[in-house]
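First comes the structure, then the notes that go with it.
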Amino acid sequence: MKLYYMPGACPLATHIVLEWIGEPYETQAVERKALKEPEFLALNPVGSVPVFVDGDLVLTQSSAILEYLAEKYPQAGLMPEDIHARAETRRWMGFVHSDLHKSFGLAFGKAAFSSESAVQDAIAAGGIAKARQLFAIIDKQLNGKDWITGTRSIVDPYLYTIIRWADALKVDLSDLPNVVAFRDRMNSDAAVKAALQAEGLQA
Ligand SMILES: N[C@@H](CCC(=O)N[C@@H](CS)C(=O)NCC(=O)O)C(=O)O
């Protein structure tokens, strides 16, 4: 198994899940400019990470990769067996992948929408405002729970990765105690520490 990544970007979620699973894997860091070069575009025509390779399977899209790993290694217990609990896990995966990640996409990708810095700033601010609303929902969901769905799943490392982006962009989460406590718990997880260290990052 091989994971192509950029440090701290969304592949960190897969990286942590690979650590939780504990089976052998390798990683390949990709420079941002290399994402748009023919060699990488042959793997992923979108020109983005993660790309995950397992034998002749070349998989993109974080949610698909994470579900694949949960299904391949059910012993890791990262996707519940009960049909309702699976649906809940997919619901929160959709929330993090399609809503929360996308709101940060506006902030990180603001230059794609306009060359005017005032417009770019407005787009970024809109993305961050949306993210704040979504984090408030997550804070309620985490109340009384260690993990977003109640049990450890493939969604948690993805949520953690995006909380790190909020911290990097100085988004104030201090009024969301359950989100802060979740981040701190993940920071002290041995597998999380190993994935961060391998990417040259710190908790
Ligand atoms: N929907 C994709 C999004 C992938 C994505 O946005 N990747 C970012 C890093 S988090 C990236 O490679 N950005 C570089 C670029 O698009 O140029 C997924 O979930 O895997």
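As for segment 15-35, it holds at least one residue that is closer than 28 Å to Ala166 by Cβ, within 10 Å of the ligand (Cβ to nearest atom), touching a Gly at 6+ places or on another chain (Cβ under 9 Å) and not assigned by TED's automatic domain parsing to the domain that holds Ala168.
Consider segment 137-163 and keep the residues that are of a type in the set (S, T, N, Q) and farther than 16 Å from Leu100 by Cβ. The one that is nearest to the chain's Cα centre (by Cα) is Thr151. Taken over segment 72-93, the criterion of being surrounded by 13 or more Cβ atoms within 10 Å (Cβ to Cβ) and among the small types (Gly, Ala, Ser) is satisfied by Ala76, Gly77, Ala85. Among the residues making up segment 53-78, those that are farther than 14 Å from Leu18 by Cα and assigned to a loop (DSSP other than H, G, I, E, B) are Gly55, Asp56, Gln61. Candidates in segment 34-63 are the residues that are surrounded by 13 or more Cβ atoms within 10 Å (Cβ to Cβ) and of a type in the set (Gly, Ala, Ser); of these, the one that is farthest from Glu88 (Cα to Cα) is Ala34.
Only a single item in (1) surrounded by fewer than 18 Cβ atoms within 10 Å (Cβ to Cβ); (2) within 30 Å of Glu81 (Cβ to Cβ); (3) touching a residue at least 12 places away in the same chain (Cβ under 8 Å) is not met by Asp184, and it is number (3). Within segment 70-86, does at least one residue satisfy the condition of being within 28 Å of Gly127 (Cβ to Cβ) and at pLDDT 95 or above? Within segment 70-86 (the criterion being within 28 Å of Gly127 (Cβ to Cβ) and at pLDDT 95 or above), the answer is no, since none of the residues qualifies.
Of all residues in segment 36-52, those being outside any helix (DSSP H, G or I), over 21 Å from Ser98 (Cβ atoms) and within 13 Å of the ligand (Cβ to nearest atom) number 2. Within segment 53-65, track down each residue that is near the ligand (Cβ under 9 Å from one of its atoms) and either touching a residue at least 12 places away in the same chain (Cβ under 8 Å) or not aliphatic (A, V, I, L, M) (or both). Answer for segment 53-65, where residues must be near the ligand (Cβ under 9 Å from one of its atoms) and either touching a residue at least 12 places away in the same chain (Cβ under 8 Å) or not aliphatic (A, V, I, L, M) (or both): Thr60, Gln61, Ser62, Ser63, Ile65.
Do the conditions hold for Ala198, that is, is it surrounded by fewer than 13 Cβ atoms within 10 Å (Cβ to Cβ) and either in contact (Cβ under 8 Å) with a residue 40 or more places away in the chain or in contact with a strand residue (DSSP E or B) (Cβ under 9 Å, 6 or more places away or on another chain) (or both)? It is false that Ala198 is surrounded by fewer than 13 Cβ atoms within 10 Å (Cβ to Cβ) and either in contact (Cβ under 8 Å) with a residue 40 or more places away in the chain or in contact with a strand residue (DSSP E or B) (Cβ under 9 Å, 6 or more places away or on another chain) (or both).
The values are calculated or read from the model by the stated rules, or taken from the named source; none is laboratory data. Fair warning: this is a prediction, and the values are worked out from it, not measured in the lab. Counting neighbours? That spans all protein chains shown, and the Cβs are built from the backbone with ideal geometry, glycine included.
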